[in-house]
Amino acid sequence: MTLALLCSGQGRQGREMFDLFADASAATPILTAASAMLGHDVVAFVRDADDATLHTNRTSQMLCVARGLAAAACIASREPLLVAGYSVGEMTAWGVAGLWSAEETLQLTAVRAEAMDAAGGADDGLGFVRGLPRDTVEALVARFGCAIAIVNPGQLFVIGGEQRQVGLCCEAALTMGALSARPIGVRVASHTPRLADAVAPFRAALDASELRRPVAGRTLIGAADASIVHGARSLAGLAGQIDTMIDWAATLEAMVERGVDRILELGPGTALADMVRSTYPTLDVRAVDDFRGIAGIASWVAR
């Protein structure tokens with residue numbers, strides 16, 4: 001049996017996202033590093049900050065990467081596994097695979113978010129359209145000056161652009177027969193050409209980073225092209241995904257083709273696990289947020 005770890009994107013961060021790991025010694029260095037980057041104790045921060053602060057781009061990216069790293073640190077798997085990340089979760093995935101230390105992963109995530117904020121418009125955002133064919137969605141987003149940001153399984157598309165246009169695009173999708181469509185709480189047009197100016201500064205930071213060899217037995221699948229990541233040779237793809245559409249459906253397909261039959265989403269949230277369950281119902285799929293404690297997670301992983 002082959003286990004895969006899926007590293008979640010932003011949008012599902014919440015008040016209890018670190019509660020499972022607050023007293024876990026394996027997670028302590030990661031939570032300490034995240035606290036230093038945020039300027040506040042991260043566990044207290046997510047409990048006390050208002051919703052707007054939790055969903056600020058830099059903050060939400062940092063929180064989601066810290067959560068994924070903390071969860072992975074508490075999983076003691078001796079078996080070979082695959083790792084992949086959704087959107088900013090790809091930063092988590094590089095850290096989980098061991099290419100960067102936790103501290104450097106968080107620092108690079110901050111650079112990524114800051115570059116995106118500087119390049120994007122103040123009124124940019126994301127939305128989703130479910131239940132229309134891809135060619136229909138491609139024509140629809142073009143009408144409203146938007147772009148497809150992420151291709152998910154099951155005719156689920158994340159779209160990005162100026163917030164008002166994203167909203168209008170979602171309304172139009174519903175009139176065309178979409179099962180659902182609406183803006184989502186991400187205030188940056190990730191993975192669209194609107195962030196082209198963020199690629200170069202982020203690539204410069206990646207080039208200056210201290211890449212390590214991956215942890216033995218951990219294979220990293222890059223979401224840019226669903227191929228195996230080979231250290232520095234894959235940095236261009238990681239930088240380029242900021243302004244380029246991600247085909248997450250192809251990434252999941254590549255993992256299944258490599259023999260994955262068990263999947264654990266690190267969180268926050270269960271969106272990726274739910275997506276896989278509906279697309280590949282024969283796989284054994286769980287999310288960290290399905291469990292009540294670290295012991296339960298460890299028991300499932302060690303099965």
Taking the stretch 276-303 and keeping only residues that are free of Cβ contacts under 8 Å to residues at least 24 places away in the same chain and among the polar types (S, T, N, Q), one is left with THR282, SER299
Which condition breaks for VAL46 when tested against (1) closer than 29 Å to GLY231 by Cβ; (2) in contact with a Lys or Arg (Cβ under 7 Å, 6 or more places away or on another chain); (3) buried (at least 22 other Cβ atoms within 10 Å of the Cβ)? (1)
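With respect to ALA97, determine if the residue is over 14 Å from LEU63 (Cα atoms), out of contact with any Ser or Thr (no Cβ under 6 Å at 6 or more places or on another chain), of a type in the set (Gly, Ala, Ser) and assigned by TED's automatic domain parsing to the domain that holds LEU211.
Numbers: over 14 Å from LEU63 (Cα atoms): yes; out of contact with any Ser or Thr (no Cβ under 6 Å at 6 or more places or on another chain): yes; of a type in the set (Gly, Ala, Ser): yes; assigned by TED's automatic domain parsing to the domain that holds LEU211: yes.
Judged against the criteria, ALA97 is a match.
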Tally of residues being at pLDDT 95 or above and of a type outside the set (A, V, I, L, M) across the stretch 64-97: 11
Working only within the stretch 127-154, note down all residues that are closer than 16 Å to PRO183 by Cβ and in contact with a helix residue (DSSP H, G or I) (Cβ under 7 Å, 6 or more places away or on another chain). GLY127, VAL129, LEU140, VAL141, PHE144, GLY145, CYS146, ALA147, ILE148, ILE150
If you check ALA27 against the conditions, is it within 29 Å of MET255 (Cβ to Cβ), more than 17 Å from the chain's Cα centre (by Cα), of a type in the set (Gly, Ala, Ser) and surrounded by 21 or more Cβ atoms within 10 Å (Cβ to Cβ)? yes
Counting only residues in the stretch 52-110 that are crowded, with 24+ Cβ neighbours inside 10 Å and charged (D, E, K, R), the one farthest from ILE297 (Cα to Cα) is identified as GLU90
Scanning the stretch 280-289 residue by residue, the ones that are of a type in the set (A, V, I, L, M, F, W, C) and either assigned to a loop (DSSP other than H, G, I, E, B) or not assigned by TED's automatic domain parsing to the domain that holds ARG12 (or both) total 1
Pull out all pairs, ordered by first then second residue, where Cβ-Cβ is under 7 Å, the residues are six or more apart or on different chains, the first lies in the stretch 54-80 and is of a type in the set (Asp, Glu), and the second is buried (at least 20 other Cβ atoms within 10 Å of the Cβ). GLU79/LEU3
In the set LEU6, LEU20, the lone residue that is among the hydrophobic types (A, V, I, L, M, F, W, C), part of a strand (DSSP E or B) and within 30 Å of GLY259 (Cβ to Cβ) is LEU6
GLY237 is checked against (1) in a helix (DSSP H, G or I); (2) surrounded by 14 or more Cβ atoms within 10 Å (Cβ to Cβ); (3) touching a residue at least 24 places away in the same chain (Cβ under 8 Å); (4) not acidic (Asp, Glu) and fails just one. What number does that condition carry? (3)
Determine which member of the set PRO133, PRO153 is over 20 Å from TYR86 (Cα atoms) and surrounded by fewer than 21 Cβ atoms within 10 Å (Cβ to Cβ). PRO133
So which of ILE242, ILE246, ILE221 is modelled with pLDDT of 95 or more, among the β-branched types (Val, Ile, Thr), closer than 15 Å to ASN152 by Cα and surrounded by 15 or more Cβ atoms within 10 Å (Cβ to Cβ)? ILE246
Within the bounds of the stretch 103-124, is there any residue that is among the aliphatic types (A, V, I, L, M) and farther than 30 Å from LEU235 by Cβ? no
Any hit, the stretch 195-211, residues being in contact (Cβ under 8 Å) with a residue 60 or more places away in the chain, part of a loop (DSSP other than H, G, I, E, B), assigned by TED's automatic domain parsing to the domain that holds ALA52 and under 21 Å from the mean Cα position of the chain (by Cα): yes
From the list ARG277, ARG292, pick out the single residue that is basic (Lys, Arg) and either part of a loop (DSSP other than H, G, I, E, B) or closer than 13 Å to TYR86 by Cα (or both). ARG292
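The values are calculated or read from the model by the stated rules, or taken from the named source; none is laboratory data. Note that the coordinates shown come from a computational prediction; the quantities given were computed from them, not determined experimentally. With ideal geometry, Cβ positions are generated from the backbone for all residues, glycine too; neighbour counts draw on all protein chains shown.
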